[in-house]
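K.L.:
I am attaching a structure below and will ask some questions about it afterwards.
Only the coordinates and a few stated rules stand behind these numbers; no lab work does. None of the values given here were measured: they were computed from a predicted structure. Backbone-built Cβ (ideal geometry, glycine too); neighbour counts: all protein chains shown.
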Amino acid sequence: MDLYDALADKAVGGEPLTREEALAVLATPEDDLLDMIAAGFRVRRHFFGRRVKLNFLVNLKSGLCPEDCSYCSQRLGSKAEVLKYTWLKPEEATSTAGVGIAAGASRVCLVASGRGPTDRDVDRVSTTISEIKKSHPDVEVCACLGLLSDGQADRLCQAGADAYNHNLNTSDATYASICSTHTYDDRVDTVERVKHAGLSPCSGLIAGMGESDDDLVDVVFALRELAPDSIPVNFLIPFKGTPLAREWNLTPQRCLRILAMVRFVCPGAELRIGGGREIHLRGMQSLALHLANSIFLGDYLTSEGQAGQDDLQMIRDAGFTVEGADPEQAPDTHHDLVKVRKRGAGTTEVANA
């Protein structure tokens, strides 16, 4: 039995991986990449079948954040040319959420920039949650508002929120190198508050910030201890105007190794591919669905994602189904994919690239 089959057996059987085994997944040779994915898919299929959960982001408040997280386009001092606006009205947020729900999203993520919400902000978001639930009673609502203080998680839960997202992002040892305005322990504290309030905890990481393999294993093992129900894996989007604008460290193969490691270490958690999948996984996005069982549909907070229809087509083409949706019939024709050539004898665009 090879290494990856052995790891799959351990994950399915509930036996925790060791650090050495997690590091070995991150060091998978190119020739063994498909074997690693096949073993990871066995774990994914055991817990989640061939279903893909769709999540839809609604950015309630964009930009002008007082925190200095180096990876963020909304950070203090950011020169990234992103949209900046204050709170959406509840009816605006509900209308926007409806677009994603109509496309198949079963979870709406309500996100707002800032260190954390005031009590008035919690009231505002609670009203939005109630409005969404009134229009779409079966959809899950996840809030992501930053660091929480006493009682705020309980109030969101009472308003009808199902989950709360707050990512650890990177290891405890390296957190101070990416943010000075709050600590790693502050983030852990918020996740603990979420769990105590009875909300479903959602917490993950950002890869590609210059971290080592040990850092990645550290943060994923910390997540295993926190036991979130869902783990978003984001791949750094190096926005111009941020300190990490030059950090282009990821390849599609590296992204797949990271997703496989998370799947083996946290086998029963919803593994969600977050921001950056289009620019880092590129043509291997559909392979990543053999490891992850959840994606965001359409755009992210401050960057454009793949068109929603392309996401849905990718899921179908890879042989997966959207969670909660009726079986979808493939279209009879794809005339929109057939384009009559109107160029001359040579393809000059490629030759001059």
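K.L.:
Tell me the net charge near H182. Cut-off is 11 Å between Cβ atoms, H182 excluded, with +1 for each Lys or Arg and -1 for each Asp or Glu.
P.N.:
-3
K.L.:
Indicate the gyration tensor shape class of segment 27-78 (rounded, prolate or oblate), computed on the Cα atoms with a ≥ b ≥ c the square roots of the eigenvalues: a/c under 1.5 is rounded; otherwise a/b larger than b/c is prolate and the rest oblate.
P.N.:
The shape class here is oblate.
K.L.:
A further question follows. Considering only N169, T242, G151, whose Cα is most displaced toward the positive end of the charge dipole of segment 139-247, charges sitting on Cβ of Lys, Arg (+1) and Asp, Glu (-1)?
P.N.:
Most positive-ward Cα: T242.
K.L.:
Taking the Cβ-Cβ separation of D123 and E15 as r and a Förster radius of 51 Å, what is the calculated FRET efficiency to the nearest 0.05?
P.N.:
Computed FRET efficiency for D123 and E15: 0.65.
K.L.:
Label points 7 Å out from Cα along the Cβ direction at D213 and A325: separation in nm?
P.N.:
3.7
K.L.:
Place the peptides 182-188, 50-56 in order of packing, highest mean first, counting for every residue the other Cβ atoms within 10 Å and averaging per peptide.
P.N.:
My ranking of the peptides, most packed first, is 50-56, 182-188.
K.L.:
Hey, another quick one. Using a 7 Å offset from the Cα along the Cα-to-Cβ direction at both V99 and D31, what is the distance between the two label points in nm, to one decimal?
P.N.:
4.9
K.L.:
Got a sec to turn the phi values of segment 49-63 into Karplus ³J(HN,Hα) couplings, 6.51 cos²θ - 1.76 cosθ + 1.60 with θ = phi - 60°, whole Hz, x for Gly and Pro?
P.N.:
x, 10, 8, 10, 8, 9, 10, 10, 8, 10, 8, 5, 8, 10, x
K.L.:
Another one. Using the Cα gyration tensor of segment 245-310, with a ≥ b ≥ c the square roots of its eigenvalues, what is the shape: rounded (a/c below 1.5), prolate (a/b larger than b/c) or oblate (neither)?
P.N.:
Oblate shape, in that a/c is at least 1.5 and b/c is the bigger or equal ratio.
K.L.:
Follow-up question, since we're still on this one. If R₀ is 22 angstrom, what is the calculated FRET efficiency for the pair D310 and R50, using the beta carbon separation as r and rounding to 0.05?
P.N.:
E between D310 and R50, to the nearest 0.05, is 0.70.
K.L.:
Just going by the charge dipole of segment 1-45, with Lys and Arg at +1 and Asp and Glu at -1 on Cβ, which of V12, L26, A38 is farthest out on the positive end?
P.N.:
The Cα lying farthest towards the positive end belongs to V12.
K.L.:
Let me know the charge dipole size of segment 109-246 about its Cα centre in debye, to the nearest 20, where only the beta-carbon of Lys, Arg (+1) and Asp, Glu (-1) is charged.
P.N.:
It comes to approximately 560 debye.
K.L.:
Any chance you could run the full-extension gain for A245 through V338? It's 0.36 nm times the residue separation minus the Cα-Cα distance, nm to one decimal.
P.N.:
Extra length from A245 to V338 when fully extended: 29.8 nm.
K.L.:
Now a separate question. Residue farthest toward the positive end of the dipole of segment 3-324, with Cβ of Lys/Arg at +1 and Asp/Glu at -1: which of N293, S203, I129?
P.N.:
Of the options given, the answer is I129.
K.L.:
Let me ask you something else. Please get the size of the charge dipole for the chain, origin at its Cα centre, with Cβ charges of +1 on Lys and Arg and -1 on Asp and Glu, quoted in debye to the nearest 20.
P.N.:
1000
K.L.:
Rounded, prolate or oblate: pick one for segment 1-42, where a ≥ b ≥ c are the square roots of the eigenvalues of its C-alpha gyration tensor, a/c under 1.5 means rounded, and failing that, prolate if a/b is larger than b/c, else oblate.
P.N.:
Oblate shape, in that a/c is at least 1.5 and b/c is the bigger or equal ratio.
K.L.:
For every other residue with a beta carbon closer than 12 angstrom to the beta carbon of D229, add +1 if it is Lys or Arg and -1 if Asp or Glu, then tell me the sum.
P.N.:
Combined, the nearby Lys, Arg, Asp and Glu give +1.
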